[in-house]
Amino acid sequence: MGKLREMIRGVDQSNETEKEIGEQLKILTSLGESKVTIFRGEIEASLKDGKTTDDLKVPITKVLGSYEEYRAYTKRSQEDLARDVISSFKTMFNGGSQIADGIGSLVSKSLSVLLGAGSGEEMMKKEYFILVEYPAIIRYDVALWTRNITVKSLQERAENVIACVAYKSAVDVTKLDFNTFLGCYANVLQESFGTDRDNIQKMIRESAEVYGMFQKSGNRALSQREQEELEVYTQKVMDAKVKK
């Protein structure tokens with residue numbers, strides 16, 4: 001696995017076959033750059049109006065950070081690829097280790113799907129996560145793309161090219177009701193804690209605390225109904241996990 005520009009610099013320009021490989025790597029580099037640029041534009045546009053990949057609106061107040069990269073890899077380096085991409089993504093994360101691992105696991109599952117692309121295929125995956133990074137509620141937008149390489153002369157160096165873009169933003173809590181937030185948070189909690197009821201309850205209560213602080217700062221206290229949703233939602237999460 002390696003960054004495409006580094007691979008191009010390593011090509012032996014005195015060898016005709018190598019020079020051809022270098023030109024093909026340049027094409028792949030341009031393609032990777034193009035995908036990163038497209039993803040960046042699409043995510044930034046969605047953040048302006050709060051839209052997500054499933055048309056839910058989760059407005060933000062500010063973009064806090066971003067990560068983007070494109071690389072080439074072979075089948076021998078797939079595990080390294082997943083580990084490095086997830087590690088880079090986690091550099092933006094400021095929450096607990098179990099939540100970080102949960103998000104990493106979700107991203108890894110998406111990567112696994114992309115890495116299964118057939119010969120010559122392109123695949124793309126976009127997703128978002130809403131979660132607590134105390135004392136804030138955060139939205140992550142992630143876009144992944146891969147292309148399977150069919151040129152035999154390239155396959156020793158690169159069997160696939162992957163592009164990844166991720167944005168971290170602060171959620172405008174005054175425009176996101178608590179129940180919707182909990183629904184968005186569910187997949188992260190389930191991936192992070194499984195059937196660990198105590199930790200799920202702890203994280204939901206922490207969410208209510210943060211959510212309540214922001215609602216109160218906007219002259220709206222967390223309602224009794226929203227407080228009661230804590231216990232109801234926890235039970236639903238656990239019941240859904242048991243059914244699986």
Could you give every pair whose Cβ atoms fall below 9 Å, whose first residue belongs to segment 170-187 and is farther than 13 Å from Val132 by Cβ and touching a residue at least 40 places away in the same chain (Cβ under 8 Å), and whose second residue is of a type in the set (Phe, Trp, Tyr) and open to solvent by less than 20 Å² (accessible area, probe 1.4 Å), counting only separations of at least 6 or pairs across chains?
Asn187/Phe129
Considering (1) open to solvent by 60 Å² or more (accessible area, probe 1.4 Å); (2) of a type outside the set (Gly, Ala, Ser); (3) more than 13 Å from Asp141 (Cα to Cα), say which one Lys125 fails and leave the rest.
(3)
Check off (1) surrounded by 14 or more Cβ atoms within 10 Å (Cβ to Cβ); (2) modelled with pLDDT of 70 or more; (3) at negative phi for Val11 and give me the number that stays unchecked.
(2)
Lone qualifier among Tyr128, Tyr134 - being touching a helix residue (DSSP H, G or I) at 6+ places or on another chain (Cβ under 9 Å) and closer than 19 Å to Gly41 by Cβ
Tyr128
Meets criteria (open to solvent by 30 Å² or more (accessible area, probe 1.4 Å), part of a helix (DSSP H, G or I) and at pLDDT 90 or above) for Glu191:
yes
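The values are calculated or read from the model by the stated rules, or taken from the named source; none is laboratory data. These numbers were taken from a predicted model, which means no experiment stands behind them. With ideal geometry, Cβ positions are generated from the backbone for all residues, glycine too; neighbour counts draw on all protein chains shown. Each accessible area value is taken on the protein alone, full model and side chains, heavy atoms only, with ligands, DNA and RNA left out. Shrake-Rupley method; radii C 1.70, N 1.55, O 1.52, S 1.80 Å.
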